[in-house]
Amino acid sequence: RATLLLSRCLLKMVKGNIVVPEEILSFCCNGPQGSTSPPRAREPGEQEEAPGTMASPSPARNPTEVQMSQLVLPCHTNHRGELSTGQLLKWIDTAACLSAERHAGCPCVTASMDDIYFEHTISVGQVVNIKAKVNRAFNSSMEVGIQVSYEDLCSGKHCSICKAYATFVAQGPPGTKVKLKPLTPQTEEEKIEHSIAAERRRMRLAHKDTLKDLLNRSPRETELETRDDSVAVPAEKTRVESVELVLPPHANHQGNTFGGQIMAWMENVATIAASRLCHAHPTLRAIEMFHFRGPSQVGDRLVLKAIVNNAFKNSMEVGVCAEAYGQEMSISRRHINSAFMTFVVLDQEGRPRTLPMVAPEPGEGERRHREASARKKIRLDRKYVISCKQTEVPLSVPWDQSNKVYLSYNNVSALKMLVAKANWVLAREKEKVRMYTLEEDKFLSFRIEISVRIAASRAFSLLSDLRRRHEWDSHYERAELVQQVDDDDMIYHVVSQTLSQEGKPQDFVILASRRKPCSKGDPYVVAFRSVTLPTHPASAGFTRGETLCSGFCIWPESEETSKVAYYNQATPGYLNYVTTNVAGLSSNFCATFKACEKFLLKNKEDLIMRLQDL
C-alpha cells in the first residue's frame, strides 16, 4: 500500500503539483497514523488546501519551521485514556529532526533534549499541535525550539503542554564534518531565541560542573527524613530491567535507532519503577535532559534500566539509562542514553499524594540518593530564577552556589531580550549620542549609544569593571568587588551618589555577567542585575536599591571602531531620574555618555600597554 501511495505522490510531483499525501508523510516519519500538515488560519483570498496535503512554507515564515498535528487515538494512551508521554516524545523528536534537516540539508541526529516540564495531560480525541524550528546554528550542531500544545476539537480550547529545546548534530559522509550555514533571524521572537540560544548552550555545558560543585559542598552522609506512618522502601525493590530488540520500524531514515523511540522505552521502564514504589499509577511531571552518548542500529539489543533514586514528600526521581549490545553477549555494552524523570502520584482531586521514603543501597545507591537531592535543589532554584516576573517584588534574587549558573543565564538573557525588542523610539540625538526609549507595560526602558574609536574587545574590558565606573559616571561613588564567581561573573557592592526619597545614599549588590561573542555578528555583552548576599545585608545608612535589567552591548564596526550601547529597564526607584531626562530632554544622559567616550579613549592606550606587559 505504501509503495502504491508513493508512486502516486511521485506522479503528482512530476506533473508540477508538489502535493504530499498525509498517509505517505505519516508512514515515513511515524507509522501509519498522523499528519504533519499544520492547522492554520487562511489568508484572505487563499484557497483551502486539499485534505492530506502540506503546503510549502510561506515567505514570511521561518524556512526551518515544521508544524505537526496528531489526533490522539486509543492506541496512543495509557490506562487512564491520557496520551502516553513516550508517544509524545516520539512526535516531538520527529518534528525537531525534520526542522533540523531542513536547515542542514543532510541527515541529523539527536544529541540532547533539554529539561521538559509537562503542564497538562492530553486525552483521547484531542489534537496535539507541535511547532519546531531552528533557533540557532553553531558549527556542526544546532538548537531546535519546540512548542507543544493541545486542541480540544469540541470546545475549541487551546492549551500549552510544554516547551523544549533539542540539540541536533548534522551528519556528513563518513570521515567528514559538516559546517552548518548561519541562520538569520527575522522576527523579534526569532532574534530573541537566536541570541539566548548561546546562553542555553553555555548552561548545558556547565550543568555537570554545577552538580559536582553542589555535591562537594553538601554533607557526605545520607540523612533520611521522617514522615508520619511511613516506612522506608528499599530502593532495590523499585529496580527495573528490560530488553528491546531494535527492528526496522524502530529505526530512522539513516538506519539508526530513532531517538524518540529510545526516549519512549526509557519513559516506560521509569514509569514501572515509580509504580513499584507507590503501588499506584504515577504521572510524569518533568524530564531532566536526555543526553545521547552514541548511536545504536537495527539488530542491536537495548537494555533499559531504571530505579527510584530518591523520594521526596510529593515527588520522586527515577534514574534511567539505556545500553546497547549486538548479537554477541561477550562484547561490552555501550552506554547510549541516560536521563532523570520526576513523577508524582495524584489523588482523585488532582493533588499530589505523600510518597513513602526510599532507603538507598550502600555505595552507589547513596551517591544517587545525594545527587537526586542536589538535582532537586538545582531545579527549584532554576525555576525560581527563571520564573521571577518583572512585576514581582523584591527584584533581587538570593545568590548561592547552586543557582549561580542560572542567575548568570537569566541575567544575560534578560539583557539580550531587551536588546532584541523592535519598538525602540529615538528620543534625542546630541553630539553623536543617540537616546532611545521603549514603553512596555508598566516599564520604561532606555538605550543610549555612541560610536567610539576603540576596539570592541578593549571597550569590553574597560566597561565590565564596575570599580572604574565612577571615573565617568557621576552617579557612582564607589564599587567594591565582593566575590569573583568565575572568569565571567562578578558580584559588586556599589554605592551611589544619588539620594533616595529618605535622603540617604543608595547602595546596590550587583551581579555583573560578561560574555564574549559566540560567533560573528554577536556583540560583547556586560549584563547587570541585583542579587542578595547574606554577607551584605541592607544597612541603616543606605537605601538598598535594585536594578532589574541593565548593561552594555558592544558591536565591532571595524578593527578600531565600536558601537557602544547602554540599556536600562527602569525600576520604580529609578523612574524619577529617568522621567526627568526623557520629559525634560535633559542633557545629563548625553553628558554622562560623552564622559564614557572620553574614559574609553583615555584608557585604551594604557590597556594596550598592560596587555603587552602580560
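The values are calculated or read from the model by the stated rules, or taken from the named source; none is laboratory data. Only a predicted model underlies this, so the values are computations on that prediction, with no experimental measurement involved. Don't worry about glycine lacking a Cβ; one is built from the backbone with ideal geometry, like all the others, and counts go over all protein chains shown. Quick note on the areas: whole protein, heavy atoms, side chains included, nothing else; ligands and nucleic acids left out. Shrake-Rupley method; radii C 1.70, N 1.55, O 1.52, S 1.80 Å.
Report, by residue number, each residue of the range 522-569 that is buried (at least 19 other Cβ atoms within 10 Å of the Cβ) and aromatic (Phe, Trp, Tyr). If the condition is that a residue be buried (at least 19 other Cβ atoms within 10 Å of the Cβ) and aromatic (Phe, Trp, Tyr), then 524, 528, 552, 566, 567 are the ones that fit.
Here is a yes/no grid of residues against (1) within 29 Å of residue 419 (Cα to Cα); (2) touching a residue at least 40 places away in the same chain (Cβ under 8 Å):
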residue: 99; (1), (2): yes, yes
residue: 115; (1), (2): yes, yes
residue: 120; (1), (2): no, yes
residue: 127; (1), (2): no, yes
residue: 148; (1), (2): yes, yes
residue: 176; (1), (2): no, no
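Conditions tested, residue by residue: (1) at pLDDT 90 or above; (2) over 28 Å from residue 554 (Cα atoms).
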residue: 356; (1), (2): yes, yes
residue: 371; (1), (2): no, yes
residue: 378; (1), (2): no, yes
residue: 395; (1), (2): no, no
residue: 398; (1), (2): no, yes
residue: 403; (1), (2): no, no
residue: 410; (1), (2): no, no
residue: 416; (1), (2): yes, no
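Taken as a whole, the condition of being at pLDDT 80 or above, farther than 30 Å from residue 299 by Cβ and not charged (D, E, K, R) applies to residue 192. Of 487, 507, 473, all but one fail to be outside any strand (DSSP E or B), assigned by the TED database to the domain that holds residue 594 and open to solvent by less than 40 Å² (accessible area, probe 1.4 Å); the exception is 473. Evaluating residue 517 against the criteria (1) of a type outside the set (A, V, I, L, M); (2) closer than 22 Å to residue 472 by Cβ; (3) at pLDDT 90 or above leaves one unmet condition, (2).
In the set (1) hydrophobic (A, V, I, L, M, F, W, C); (2) surrounded by fewer than 16 Cβ atoms within 10 Å (Cβ to Cβ); (3) farther than 20 Å from residue 348 by Cα, residue 266 fails one condition alone, (2). One residue stands out among those in the range 490-533 that are in contact with a helix residue (DSSP H, G or I) (Cβ under 7 Å, 6 or more places away or on another chain) and without any contact (Cβ under 8 Å) to a residue 40 or more places away in the chain: the one that is farthest from residue 407 (Cα to Cα), which is 494. Among the conditions (1) under 21 Å from residue 67 (Cα atoms); (2) among the aromatic types (Phe, Trp, Tyr); (3) open to solvent by 20 Å² or more (accessible area, probe 1.4 Å), the only one that residue 138 does not satisfy is (1). Only one entry of 423, 411 meets the criterion of being among the polar types (S, T, N, Q), part of a loop (DSSP other than H, G, I, E, B) and within 17 Å of residue 569 (Cβ to Cβ), and that entry is 423. Within the range 537-572, track down each residue that is hydroxyl-bearing (Ser, Thr, Tyr) and touching a Pro at 6+ places or on another chain (Cβ under 9 Å). 543, 562 - these are the residues of the range 537-572 that are hydroxyl-bearing (Ser, Thr, Tyr) and touching a Pro at 6+ places or on another chain (Cβ under 9 Å).
The set of residues in the range 428-447 being in contact with a Lys or Arg (Cβ under 7 Å, 6 or more places away or on another chain) and under 23 Å from residue 412 (Cβ atoms) consists of 436, 438. Among the residues making up the range 426-435, those that are open to solvent by 20 Å² or more (accessible area, probe 1.4 Å) and not in a loop (DSSP other than H, G, I, E, B) are 426, 427, 428, 429, 430, 434.
When each of 328, 361 is tested for being assigned by the TED database to the domain that holds residue 239 and open to solvent by 70 Å² or more (accessible area, probe 1.4 Å), the lone residue that passes is 328.
Scanning the range 524-545 for residues that are within 20 Å of residue 477 (Cβ to Cβ), touching a Phe, Trp or Tyr at 6+ places or on another chain (Cβ under 9 Å) and of a type in the set (S, T, N, Q) returns a single hit, 530. Selection of the range 259-289 for residues being of a type in the set (A, V, I, L, M, F, W, C) and out of contact with any helix residue (DSSP H, G or I) (no Cβ under 6 Å at 6 or more places or on another chain) yields 262, 265, 266, 269, 270, 272, 274, 278, 280, 286, 287, 289. Considering (1) touching a Lys or Arg at 6+ places or on another chain (Cβ under 8 Å); (2) not in a helix (DSSP H, G or I); (3) not basic (Lys, Arg), the lone condition that residue 164 does not fulfil carries the number (1).
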